[in-house]
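These notes are about the structure you will find just below.
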């Protein structure tokens, strides 16, 4: 009897302690790909988010409480993303900054929506994410329909290309962006004789390259990521193909230049304007590099998304998902990328894409 | 068309080399070594590290470092193959067949995660200095191109297959190997060191996988901890297709799958590439349950 009383007392105390601990912090989930070939590009926004959270904590946290980052790796796989989303929800996060891959963000968003928590993706560009009427899903970057249009316009109008071969990696991102590109490019009177998908783990692309060479295409549009993109570039040149390789934001990582030895020429991609050279971003970049090494293309997006989210929680005065979402929509937010504001769908009101090109082992605005 | 055949044969030669490892282990133990794809992946990493080491030690000698890198890769992967057998299979030799099967799958997960945690979560580039000479030297036949690397791949697969045939048919070790495959108990009674012979089979299969790994490392240019999965799966399919346990069958199966994949991407489009190998496998297994050249029945797994 005595023992059981003591035990239950201990249990109650423990439970109380647990409760108290829970109420002391506000948990923010950070999810994205951190292993596999996308690891380099996917870890960058997570590090950006971590930095934002640290800065908020240094200033006293949000709603008077310390912010705790709960980081999860979805391995870039939709199935793992579902499991990760459920884990985050049961860990009691009040909002999530993530995921990276569109193929992960789309299924995970359903879980967050049902749990009533806000999701802000720093990098998923597939339009579907914000097209399903979810009130708590936000996107702090551009969309593939904007991206594909800019790329198609560039190839058709600036480079005067007539025939383009379109490849994608069969993911939600790759397929989405290459379909938009194909539609726009054909709408402008161009021809797309090759429109094919290769599995994202496939690194011997010589089969499809033989089809491209045979088709008479003078440029290749790649809807996919940078590792396969680099391999594609090398193998295209190996096959004697001299035309341009054009891609989307997935191509934007320094690892691309390692694979192509910094010698890539006539490689173009669509990405947001160059924020890293803005004077306002220099402080962020300095502390980022000190902590995590060289920044990635999406570091700044993770940082901005997290700052906007935390500011919205502060403004809402609560962690209730619906109220935070309303607060996020209610005004524009000052970020490193300038003033950003979300529309009714949860997309950025103005997200411009510009063309970047590879030069001397780096991507620079064209 | 010629280009498609060249690409398909190059792919097939890799599948053939890896399939040999599956089929030899099956032939002797009657189990599928699911960690074999991982040994292939370790061979890739072994080659990159070996070449890196040689470059540091001897400077950038192209041929010398490639050869030494290959030797180190083979030694590294063979060591793993030998260790895998000692760690995961030997203790389970008398056990129910599902036991070594599960430990093989477990081992494959352990090895992948080991490389992921110990080496890198992302990708590694094969040293360009070495792969470039092989991929950028090419000859033109009509409208098709064949690179030096592709020729090296055909040649080394051919030489290794002949060497393996000679080893198995003409040497004492080969006789021991065949005897162990036929009847382990009888072989032991005849004074054949069964455990040693089995270890040698693993070492031999792993060495072939390492050669394939190094060539694929150069052929693709990049490698990662999960690079062994896809090739392992295709090579396993190739081994079953040719008739598992049958050595010429594995080579034939490898070339059939490699060619089928590239022919599919040139006719139906590369979206269908992954499917054809398996469609062929199903058709062959329906019509010839023992595989194309099969002798042994795969009734165990």
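Can you find a residue in the stretch A:162-175 that is outside any strand (DSSP E or B), surrounded by fewer than 23 Cβ atoms within 10 Å (Cβ to Cβ), at positive phi and in contact with a strand residue (DSSP E or B) (Cβ under 6 Å, 6 or more places away or on another chain)?
yes
Which members of the stretch A:201-239 meet the condition of being within 20 Å of the chain's Cα centre (by Cα) and either surrounded by fewer than 23 Cβ atoms within 10 Å (Cβ to Cβ) or at the interface with chain B (Cβ under 10 Å from one of its Cβ atoms) (or both)?
Once the filter is applied, which keeps residues that are within 20 Å of the chain's Cα centre (by Cα) and either surrounded by fewer than 23 Cβ atoms within 10 Å (Cβ to Cβ) or at the interface with chain B (Cβ under 10 Å from one of its Cβ atoms) (or both), the stretch A:201-239 yields A:201, A:226, A:227, A:228, A:230.
Conditions: (1) in a helix (DSSP H, G or I); (2) crowded, with 22+ Cβ neighbours inside 10 Å; (3) more than 13 Å from chain A (Cβ to nearest Cβ). Residue B:244 meets all but one. Number of the miss?
(1)
Quick check: is even one residue across the stretch A:251-267 closer than 15 Å to residue A:165 by Cα and more than 10 Å from chain B (Cβ to nearest Cβ)?
yes
What number of residues within the stretch A:336-348 satisfy the criterion of being assigned to a loop (DSSP other than H, G, I, E, B) and closer than 25 Å to residue A:93 by Cα?
6
Among the listed residues B:120, B:157, B:133, identify the single one that is under 30 Å from residue A:35 (Cα atoms), in contact (Cβ under 8 Å) with a residue 12 or more places away in the chain and either in contact with a strand residue (DSSP E or B) (Cβ under 8 Å, 6 or more places away or on another chain) or not in a loop (DSSP other than H, G, I, E, B) (or both).
Among B:120, B:157, B:133, only B:120 is under 30 Å from residue A:35 (Cα atoms), in contact (Cβ under 8 Å) with a residue 12 or more places away in the chain and either in contact with a strand residue (DSSP E or B) (Cβ under 8 Å, 6 or more places away or on another chain) or not in a loop (DSSP other than H, G, I, E, B) (or both).
Determine, yes or no, whether residue A:351 is within 12 Å of residue A:273 (Cβ to Cβ) and either in the same structural domain as residue A:259 (by TED's automatic domain parsing) or not in a strand (DSSP E or B) (or both).
Against the criterion (within 12 Å of residue A:273 (Cβ to Cβ) and either in the same structural domain as residue A:259 (by TED's automatic domain parsing) or not in a strand (DSSP E or B) (or both)), residue A:351 qualifies.
Could you list, in sequence order, the residues of the stretch B:115-127 that are in contact with a helix residue (DSSP H, G or I) (Cβ under 9 Å, 6 or more places away or on another chain) and more than 10 Å from chain A (Cβ to nearest Cβ)?
B:115, B:119, B:127
If you check residue A:92 against the conditions, is it in contact with a helix residue (DSSP H, G or I) (Cβ under 9 Å, 6 or more places away or on another chain) and at positive phi?
So residue A:92 fits the description; yes.
The values are calculated or read from the model by the stated rules, or taken from the named source; none is laboratory data. In this text, all values refer to a predicted model and were calculated from it rather than measured experimentally. Positions of Cβ are backbone-derived with ideal geometry, glycine not excepted, and every protein chain shown enters the neighbour counts.
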